[in-house]
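Single-structure report; data block below.
The values are calculated or read from the model by the stated rules, or taken from the named source; none is laboratory data. Since the model is a prediction, treat every value here as computed from it, not as a measurement. No Cβ is skipped: glycine too gets one built from the backbone with ideal geometry, and neighbour counts run over all protein chains shown.
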Amino acid sequence: MSQSIPDVASLPQLENPLENAKRAASYRAVDENLKFKEHKVIGVGSGSTVVYIAERLGQYLKDPEYTEYVSKFVCIPTGFQSQDLILKNGLQLSSIEQHPKIDIAFDGADEVDVNMQLIKGGGACLFQEKLVSTSADIFIVVADSRKRSSKYLGEGWRQGVPIEVVPSAYVRVLHDLKEGLGAVSANIREGGKSKAGPVVTDNNNFIIDADFGEIENPYELHKQIKLLVGVVETGLFVDNAVKAYFGNPDGTVATMSK
Ligand SMILES: O=C(CO)[C@H](O)[C@H](O)COP(=O)(O)O
């Protein structure tokens, strides 16, 4: 069924104000950055905010003015949830192996500092998220305004830096993070009520959350962690995003650019 693209201001408010914030940021990020005639390969991230990125792409697909272009887009997922979002919105799913060069990618973040450095991996998808975002010519972040720190990473996101590790190396990495790199704490992420034992990522790895307090130099910390044997990737996304959209519950959106 064909439909015109809805204007976000004309849509009914969502029950949860935070969802309004996420929707407003995501819709505006797509509307302002997607070049329908130029972009062909689109990265779609993970988390609760990118749900609205996929939804907006799906709306464009149904609008006769854009169907011709959007039906030819190939979407590259950052994990299982993201793959599901692409399919549920009627978009074409592909893989990073088939499209190692991505035109534009959209993803959420757990924290964004004043220099637009990010902590990601709260949803345990950080390796594939980094693979996709660093393969993209343009990487756009979408988040609700709680994710914006007034200065350093680690200010608002207190769970620690997510780090994906090879399972057999987790004890060694925990030790090296605490003893070698001075982490205040480092813990394997547990599945909680939904799974006994550790969270297992889409790549069959474990996640360690390591608290380094406020992070003045994310690049240096990322480099040090990355050198530890057993570390696959860190949740510090440095010099990667070019623009961030922060939604507020009243539907207004603030932006930050590089
Ligand atoms: O990095 C991520 C998953 O690994 C997410 O992008 C991040 O956790 C933000 O999620 P949300 O949009 O639900 O706040």
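Tell me whether region 167-183 contains one or more residues that are away from the ligand (no atom under 12 Å from the Cβ), under 19 Å from the mean Cα position of the chain (by Cα) and surrounded by fewer than 20 Cβ atoms within 10 Å (Cβ to Cβ). Steps first, answer last, please.
Start the filter on region 167-183 by keeping residues that are away from the ligand (no atom under 12 Å from the Cβ), which leaves 167-183.
From the residues that got through so far, the ones that are under 19 Å from the mean Cα position of the chain (by Cα) too are none.
Looking for residues that are away from the ligand (no atom under 12 Å from the Cβ), under 19 Å from the mean Cα position of the chain (by Cα) and surrounded by fewer than 20 Cβ atoms within 10 Å (Cβ to Cβ), one finds none in region 167-183, hence no.
Can you tell me how many residues within region 121-146 are acidic (Asp, Glu) and more than 10 Å from the ligand (Cβ to nearest atom)?
From region 121-146, those acidic (Asp, Glu) are 129, 137, 144; that's our starting set.
Add one more test, that the residue is more than 10 Å from the ligand (Cβ to nearest atom), and what stays is 137.
Number satisfying all stated conditions: 1.
Condition check ((1) touching a Ser or Thr at 6+ places or on another chain (Cβ under 7 Å); (2) over 16 Å from Val132 (Cα atoms)) across all residues:
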site: Lys40; (1), (2): no, no
site: Gly47; (1), (2): no, no
site: Ile53; (1), (2): yes, no
site: Gln59; (1), (2): no, yes
site: Phe73; (1), (2): no, no
site: Thr78; (1), (2): yes, no
site: Gln81; (1), (2): yes, no
site: Leu91; (1), (2): no, yes
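May I ask you to list the residues in region 147-166 that are charged (D, E, K, R) and either away from the ligand (no atom under 15 Å from the Cβ) or crowded, with 16+ Cβ neighbours inside 10 Å (or both)?
Scanning region 147-166 gives Lys147, Arg148, Lys151, Glu155, Glu164.
So which of Leu118, Leu87 is more than 10 Å from the ligand (Cβ to nearest atom) and of a type in the set (A, V, I, L, M, F, W, C)? Walk me through how you get there before you give the answer.
Details: Leu118 fails: more than 10 Å from the ligand (Cβ to nearest atom).
Exactly one of Leu118, Leu87 is more than 10 Å from the ligand (Cβ to nearest atom) and of a type in the set (A, V, I, L, M, F, W, C), namely Leu87.
Please go through region 49-88 and pick out each residue that is touching a Leu at 6+ places or on another chain (Cβ under 9 Å) and surrounded by fewer than 16 Cβ atoms within 10 Å (Cβ to Cβ).
Passing the criteria: Thr67, Ser71, Leu87.
Quick check on my filter: what residues within region 95-115 are near the ligand (Cβ under 6 Å from one of its atoms) and of a type in the set (Gly, Ala, Ser)? Working first, answer last.
Narrowing region 95-115 to residues near the ligand (Cβ under 6 Å from one of its atoms): 107-110.
Those that are near the ligand (Cβ under 6 Å from one of its atoms) and of a type in the set (Gly, Ala, Ser): Gly108, Ala109.
Name the residue that is farthest from the ligand (Cβ to nearest atom), counting only residues in region 1-55 that are among the β-branched types (Val, Ile, Thr) and at pLDDT 95 or above.
The initial filter retains those residues of region 1-55 that are among the β-branched types (Val, Ile, Thr), namely 5, 8, 30, 41-42, 44, 49-51, 53.
From what's left, at pLDDT 95 or above: 30, 41-42, 44, 49-51, 53.
Working: Val30: 15, Val41: 20, Ile42: 16, Val44: 11, Thr49: 3, Val50: 6, Val51: 8, Ile53: 10 Å.
Filtering first and then ranking leaves Val41.
Return only the number of the condition from (1) of a type outside the set (Lys, Arg); (2) more than 15 Å from the chain's Cα centre (by Cα); (3) surrounded by 23 or more Cβ atoms within 10 Å (Cβ to Cβ) that Leu91 does not satisfy.
(3)
From the list Leu177, Leu227, Leu221, Leu181, which one is outside the structural domain of Val74 (by TED's automatic domain parsing), without any contact (Cβ under 8 Å) to a residue 24 or more places away in the chain and of a type outside the set (D, E, K, R)? Working first, answer last.
Working: Leu177 fails: without any contact (Cβ under 8 Å) to a residue 24 or more places away in the chain; Leu221 fails: without any contact (Cβ under 8 Å) to a residue 24 or more places away in the chain; Leu181 fails: without any contact (Cβ under 8 Å) to a residue 24 or more places away in the chain.
Exactly one of Leu177, Leu227, Leu221, Leu181 is outside the structural domain of Val74 (by TED's automatic domain parsing), without any contact (Cβ under 8 Å) to a residue 24 or more places away in the chain and of a type outside the set (D, E, K, R), namely Leu227.
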